[in-house]
Amino acid sequence: MSKSPLITLNSGFTMPQLGLGVYKVGQDIAVNLVSLALEIGYRRIDTAALYDNEFEVGAAIRKSKIDREEIFVTTKIWNDRHGYENAAEAIQESVDRLNVGYVDMMLIHWPCPKQDKYVETWRALEDALSTGKVRSIGVSNFLPHHLEKLLATATVTPAIDQVEMHPQLANVELRAFNKAHGIATEAWAPLGRARFLDNPVLGEIAARQGKSPAQVVIRWHLQLGNLVIPKSSKPQRLEENFDVFGFALTEEDMAEIAALNTETRIATHPDDMN
Ligand code: NAD
């Protein structure tokens, strides 16, 4: 069985570089899907309070009988739970719903700058670390100006920043900022929600490599050093998206994919999300 490489975080913990995202995975299929992913070799699951499937993700992990230390679970605090007290309660609720002893990674889902409370939300996450309920903490959808404000008072630097990222939004400056601060960058919508997998450049590279365009894009993320969490609810695609460790993109392939970058989003800009 293939295994994902591990990335060492600034918290000292390791995290599999490739995992499964379960956004829009309904409660009716979540236990079976996560169980299948664990059988295939996935050891990292990315959920969120918003996804309404933390309970099912936890149930699949408990059912698997895989050593808890081998599995890495991320969840996130939703936008309506910003502020110290609210966030502290939300953290406990997620820990309880997952019910897998501890949560490996808890993120602020969006900065919601118009609420202007993410600094207090971060304090609640810092305090959760000392309880042992949460092992590493990070952020999502934070741009350098949000991170600068957070870092001005933070006692813990976020371990990761999970952001929209795919060949059309390579986040060149953000990745450099994160790297300079010891923050690992994680790609959500890593396949661009499959909207441009039919791009001819990706098609040609896939044909040269004998792989699918989705595998080429996942490989591109891995070779950039990104953490990456493609989502699929189809068993065959779960396998395909994990079968990316037996080949490598050439420098030329990487350069051709880099040339597709237009820094354009498919989802909401972080400053506009409340
Ligand atoms: P994605 O880029 O992973 O695209 C998923 C879609 O691509 C699938 O629904 C399917 O239609 C298609 N697909 C999957 N595998 C394929 C394959 N091998 N070939 C062809 N098509 C394929 O987008 P996503 O689901 O939005 O993002 C992945 C994960 O990121 C989510 O499940 C979630 O965990 C996380 N996420 C986080 C945020 C955030 O704000 N932090 C936002 C959105 C998603």
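Are any of the residues in region 24-32 hydrophobic (A, V, I, L, M, F, W, C), under 18 Å from the mean Cα position of the chain (by Cα), assigned to a helix (DSSP H, G or I) and more than 19 Å from VAL139 (Cβ to Cβ)? Yes, region 24-32 contains at least one residue that is hydrophobic (A, V, I, L, M, F, W, C), under 18 Å from the mean Cα position of the chain (by Cα), assigned to a helix (DSSP H, G or I) and more than 19 Å from VAL139 (Cβ to Cβ). Would you confirm whether any residue within region 105-116 is buried (at least 24 other Cβ atoms within 10 Å of the Cβ), out of contact with any helix residue (DSSP H, G or I) (no Cβ under 8 Å at 6 or more places or on another chain) and of a type in the set (A, V, I, L, M, F, W, C)? Checked region 105-116: at least one residue is buried (at least 24 other Cβ atoms within 10 Å of the Cβ), out of contact with any helix residue (DSSP H, G or I) (no Cβ under 8 Å at 6 or more places or on another chain) and of a type in the set (A, V, I, L, M, F, W, C). With respect to ARG208, is the statement that it is charged (D, E, K, R) and near the ligand (Cβ under 7 Å from one of its atoms) true? Criteria not met by ARG208.
Every residue, every condition in (1) touching a strand residue (DSSP E or B) at 6+ places or on another chain (Cβ under 9 Å); (2) among the aromatic types (Phe, Trp, Tyr); (3) surrounded by 24 or more Cβ atoms within 10 Å (Cβ to Cβ), yes or no:
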| position | (1), (2), (3) |
| --- | --- |
| GLU89 | no, no, no |
| HIS145 | no, no, no |
| GLU164 | yes, no, no |
| PRO167 | no, no, yes |
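Among what's in region 221-234 and is in a helix (DSSP H, G or I) and more than 16 Å from LEU169 (Cβ to Cβ), pick the residue that is farthest from the ligand (Cβ to nearest atom).
This residue is GLN223.
The set of residues in region 123-172 being within 11 Å of LEU107 (Cα to Cα) and part of a strand (DSSP E or B) consists of VAL134, SER136, ILE137, GLY138, VAL139, SER140, ILE160, ASP161, GLN162.
For every residue, the table says whether it meets (1) farther than 16 Å from ALA128 by Cα; (2) in contact with a Leu (Cβ under 7 Å, 6 or more places away or on another chain); (3) more than 16 Å from the ligand (Cβ to nearest atom); (4) in a strand (DSSP E or B).
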residue: ILE45; (1), (2), (3), (4): yes, yes, no, yes
residue: LYS76; (1), (2), (3), (4): no, yes, no, yes
residue: GLY101; (1), (2), (3), (4): no, no, yes, no
residue: MET106; (1), (2), (3), (4): no, yes, no, yes
residue: PRO111; (1), (2), (3), (4): yes, no, no, no
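Yes/no per residue for (1) of a type in the set (Lys, Arg); (2) closer than 28 Å to GLN27 by Cα:
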{"site": "GLN209", "(1), (2)": "no, no"}
{"site": "ASN226", "(1), (2)": "no, no"}
{"site": "LYS234", "(1), (2)": "yes, yes"}
{"site": "PHE242", "(1), (2)": "no, yes"}
{"site": "PHE245", "(1), (2)": "no, no"}
{"site": "ALA248", "(1), (2)": "no, no"}
{"site": "ASP253", "(1), (2)": "no, no"}
{"site": "THR262", "(1), (2)": "no, no"}
{"site": "ARG265", "(1), (2)": "yes, no"}
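For the condition within 16 Å of the chain's Cα centre (by Cα), of a type outside the set (Phe, Trp, Tyr) and surrounded by 13 or more Cβ atoms within 10 Å (Cβ to Cβ), LEU249 does not qualify. Screening ARG237 against (1) within 14 Å of the ligand (Cβ to nearest atom); (2) part of a loop (DSSP other than H, G, I, E, B) leaves a single unmet condition, (2). Considering ARG193, ARG175, the condition of being part of a helix (DSSP H, G or I), more than 10 Å from the ligand (Cβ to nearest atom) and touching a residue at least 24 places away in the same chain (Cβ under 8 Å) is satisfied by ARG175 alone.
May I ask you to list the residues in region 15-26 that are surrounded by fewer than 14 Cβ atoms within 10 Å (Cβ to Cβ) and more than 8 Å from the ligand (Cβ to nearest atom)? The one that is surrounded by fewer than 14 Cβ atoms within 10 Å (Cβ to Cβ) and more than 8 Å from the ligand (Cβ to nearest atom): GLY26. Within 14 Å of the ligand (Cβ to nearest atom) and touching a Lys or Arg at 6+ places or on another chain (Cβ under 7 Å), is that true of VAL216? No: the conditions fail for VAL216. Residue check: is GLY58 more than 12 Å from the ligand (Cβ to nearest atom) and more than 23 Å from ALA159 (Cα to Cα)? Spelling it out, it is not the case that GLY58 is more than 12 Å from the ligand (Cβ to nearest atom) and more than 23 Å from ALA159 (Cα to Cα). Looking across region 41-70, the residues that are surrounded by 18 or more Cβ atoms within 10 Å (Cβ to Cβ) and either closer than 16 Å to LYS3 by Cα or of a type in the set (Gly, Ala, Ser) (or both) come down to TYR42, ARG43, ARG44, ILE45, ALA48, ALA49, GLY58, ALA59, ALA60.
Restricting attention to region 128-143, which residues are surrounded by fewer than 16 Cβ atoms within 10 Å (Cβ to Cβ) and under 15 Å from ALA90 (Cα atoms)?
Within region 128-143, the first condition is being surrounded by fewer than 16 Cβ atoms within 10 Å (Cβ to Cβ), and the residues that meet it are 130-132.
Scanning region 128-143 gives a single hit, THR131.
Rule-based calculations on the coordinates, nothing more; no lab input. On a predicted model such as this, the values are computed, not experimentally measured, just so you know. Please note: Cβ atoms are built from the backbone with ideal geometry, for glycine as well, and neighbour counts cover all protein chains shown.
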